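Visitor: One structure is given below, represented as structure tokens, and several questions about it will come after.
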Amino acid sequence: MKFGSAATFVGLFVLLRCAWAVSQYRDMLKLTQQEFIGLPQHLQLELLIGTVCCLLGGFVIAGGVKPIVISRGAPSVDTGSCRPGFIQVNHRGKALPLPALVTS
């Protein structure tokens, strides 16, 4: 098993365990009739560790960033999407009066 897959698996396991612990904590608060103010610090730390492991594993699995190479012969995005049949010249903007040109 590669490092990225292992880190992702460990991170998911830690997050699932943290979700279970939060559920147990909320149940305990309901039984003791206490108000939920926030998570305990050890659960916050566990959540942070699980998230970091998942992110690290995802970055390692994805690999390095490859540059985009544009070939000179291929048409660009701008010219490739030009459809003259869809251009509408006769529109309602022609009915609006042109603003007067102010010269000082």
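Values quoted throughout were computed directly from the atomic coordinates according to the rules given, and no laboratory measurement underlies them. Computed from a predicted model, the values in this text were never measured in an experiment. FYI the Cβ positions are ideal-geometry reconstructions off the backbone, even for glycines, and counts take in every protein chain you see.
Visitor: Calculate the dipole size of the chain relative to its Cα centre from +1 charges on Lys and Arg beta carbons and -1 charges on Asp and Glu beta carbons; express the result in debye to the nearest 20. Let's see the in-between values first.
Guide: On the way: 9 positive and 4 negative charges, 108 e Å.
The calculation lands at about 520 debye.
Visitor: By average Cβ neighbour count within 10 Å, what is the ranking of 84-90, 1-7, 47-53 from highest down? The partial results should precede the final answer.
Guide: On the way: 84-90: 5.4, 1-7: 12.6, 47-53: 15.9.
Those peptides, ordered most packed to least, come out 47-53, 1-7, 84-90.
Visitor: Ranked from highest to lowest mean number of other Cβ atoms within 10 Å per residue, what is the order of the peptides 23-29, 56-62?
Guide: Numbers: 23-29: 11.4, 56-62: 14.3.
Top of the packing list down: 56-62, 23-29.
Visitor: Same structure, new question: Of Val60, Gln33, Ala6, which is farthest on the positive side of the dipole of the chain, counting Cα position, with +1 on Lys and Arg Cβ, -1 on Asp and Glu Cβ, and the Cα centre as origin?
Guide: Result: Val60, furthest along the dipole toward the positive end.
Visitor: What do the square roots of 5 times the Cα gyration tensor eigenvalues come to for the chain, in whole Å, largest first, as semi-axes of the equivalent ellipsoid? Intermediate results must be reported in sequence, preceding the final value.
Guide: Working: eigenvalues 650, 181, 37 Å².
They are 57, 30, 14 Å, listed from largest to smallest.
Visitor: Related question: Give me a comma-separated list of calculated 3J(HN,Hα) values for segment 53-65, in order, Karplus coefficients 6.51, -1.76, 1.60 applied at θ = phi - 60°, integers in Hz, x for any Gly or Pro.
Guide: Values per residue, Gly and Pro as x: 4, 5, 5, 4, x, x, 5, 5, 5, 5, x, x, 7 Hz.
Visitor: Note the angle between two axes, namely the Cα long axis of helix 3-31 and the longest principal axis of the Cα atoms of the chain, as a number of degrees from 0 to 90, rounded to the nearest 10.
Guide: 70 degrees
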